[in-house]
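The values are calculated or read from the model by the stated rules, or taken from the named source; none is laboratory data. The shown structure was predicted, so the numbers you read here are calculated from the model rather than taken from an experiment. Quick reminder, even Gly has a Cβ in these numbers, built from the backbone with ideal geometry, and neighbours come from all protein chains shown. Just the protein is used for accessible areas: all its heavy atoms, side chains included, with ligands, DNA and RNA removed. Shrake-Rupley method; radii C 1.70, N 1.55, O 1.52, S 1.80 Å.
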Amino acid sequence: MIAIAKFQIIAQTLYSQLDTERIQALQVAQELSKKFIELGFEIVPKLLWAIGILLMTRFAIGIAGRVTRRALSRTEATLRKFLVQAAEITILVIGVIATLSQLGIQTTSVVAVVGAAGLAIGLAWQNTLSHFAAGVMLISLRPFEVGDAIEGGEVKGVVDAIGIFSTTLVTDDHVKIIVPNNKLFDGTLKNTTAMGTRRVDLKIDIGDRPIRPTVTELLEIVQSHPLVLDNPPPTCLVAEITPDSTILSLRPWCASVAYEQVRSQIQEQVKEAMKADQNQ
């Protein structure tokens with residue numbers, strides 16, 4: 001009986017300890033649930049506002065893109081695309097900063113980090129940014145268009161595409177050349193098709209032939225050519241006289257796109273005419 005009584009006392013003691021631990025666990029669980037509920041009431045509205053800001057940002061990006069495209073409808077396509085993207089990225093950055101601020105994140109530090117990163121990128125991409133600035137100026141000022149024949153940046157060719165960072169040329173032998181825009185904008189640029197017409201300058205050595213009849217003959221040759229323009233009229237002047245020969249300057253006009261063809265064919269016809277005169 002004594003043993004049974006001791007066992008009952010020990011059991012009651014253990015049961016009371018278990019009840020105490022259970023009560024403490026329940027109290028802890030209640031405190032945690034209370035804190036979770038308070039945290040939920042604090043975070044959920046901020047999270048919903050943040051989601052709302054992101055949705056509004058997305059909607060604003062669409063509106064800004066449409067408005068910018070409409071406002072810049074007469075602007076060059078490449079520049080218009082860049083400005084539209086710049087407007088969309090600006091609104092996106094503002095929306096992200098507003099979202100972070102709503103979530104309680106210090107945006108001043110984020111802006112400082114972004115600014116420092118931008119400065120580092122700007123220093124690292126200094127040449128690239130200069131090409132970008134030159135591209136914007138080329139697209140805005142339009143010293144040449146796609147299809148123009150130009151010389152600049154130690155290259156020569158027909159403009160195939162004008163980009164923000166580089167310009168693509170195609171040479172006469174059908175080689176594609178990509179030129180950084182800064183090379184074209186900072187140096188001397190020669191546009192041989194911008195005026196629509198071009199003068200072909202030829203130096204003709206007539207030897208000891210009489211000048212006036214030869215000038216008349218040369219003018220007849222160029223005037224009969226189908227690609228030579230009547231206005232301005234072709235001219236033929238004495239460029240140089242030496243003891244042994246006379247140099248004439250033959251100057252017909254033609255369309256810019258036909259320059260190489262006219263130059264070649266006129267020289268060929270002059271050579272044949274002078275050779276025929278020698279055989280007579």
Does the range 212-235 contain any residue that is free of Cβ contacts under 8 Å to residues at least 60 places away in the same chain, in contact with a Ser or Thr (Cβ under 7 Å, 6 or more places away or on another chain) and more than 30 Å from residue 152 (Cβ to Cβ)? no
Of all residues in the range 165-215, which are open to solvent by 50 Å² or more (accessible area, probe 1.4 Å), over 29 Å from residue 231 (Cα atoms) and among the hydroxyl-bearing types (Ser, Thr, Tyr)? 188
Kindly check whether there is at least one residue in the range 45-63 that is out of contact with any His (no Cβ under 6 Å at 6 or more places or on another chain), charged (D, E, K, R) and modelled with pLDDT under 85. yes
Considering residues that are open to solvent by 20 Å² or more (accessible area, probe 1.4 Å), out of contact with any helix residue (DSSP H, G or I) (no Cβ under 7 Å at 6 or more places or on another chain) and part of a strand (DSSP E or B), the number found within the range 227-271 is 9
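Go through the range 127-142 residue by residue and tally those that are closer than 14 Å to residue 183 by Cβ and either in contact with a Leu (Cβ under 6 Å, 6 or more places away or on another chain) or open to solvent by 70 Å² or more (accessible area, probe 1.4 Å) (or both).
So in the range 127-142, the residues closer than 14 Å to residue 183 by Cβ come out as 127-128, 130-135, 137-138.
With either in contact with a Leu (Cβ under 6 Å, 6 or more places away or on another chain) or open to solvent by 70 Å² or more (accessible area, probe 1.4 Å) (or both) added as a condition, the list becomes 127, 137.
Count: 2.
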Condition first: farther than 11 Å from residue 144 by Cβ and either in a strand (DSSP E or B) or of a type in the set (Lys, Arg) (or both). Now tell me which residues in the range 175-199 satisfy that. 176, 177, 178, 179, 180, 183, 197, 198, 199
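Please specify each residue of the range 216-226 satisfying the condition of being assigned to a loop (DSSP other than H, G, I, E, B) and either open to solvent by 40 Å² or more (accessible area, probe 1.4 Å) or at positive phi (or both). So that I can check it myself, show each step before the final result.
Step one: of the range 216-226, the residues assigned to a loop (DSSP other than H, G, I, E, B) are 224-226.
224, 226, listed by residue number.
Would you mind finding the one in 241, 139, 162 that is more than 20 Å from residue 75 (Cβ to Cβ), at pLDDT below 90 and of a type in the set (A, V, I, L, M)?
Numbers: 139 fails: more than 20 Å from residue 75 (Cβ to Cβ); 162 fails: more than 20 Å from residue 75 (Cβ to Cβ).
Just one listed residue meets the conditions, 241.
I'd like the full set of residues that are free of Cβ contacts under 8 Å to residues at least 12 places away in the same chain and more than 12 Å from residue 145 (Cα to Cα), limited to the range 161-174.
So the first thing to find is which residues in the range 161-174 are free of Cβ contacts under 8 Å to residues at least 12 places away in the same chain, and the list is 168, 173-174.
Within the range 161-174, 173, 174 qualify.
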Going through (1) part of a helix (DSSP H, G or I); (2) at pLDDT 65 or above; (3) more than 30 Å from residue 194 (Cα to Cα) one by one, residue 110 fails only at (2)
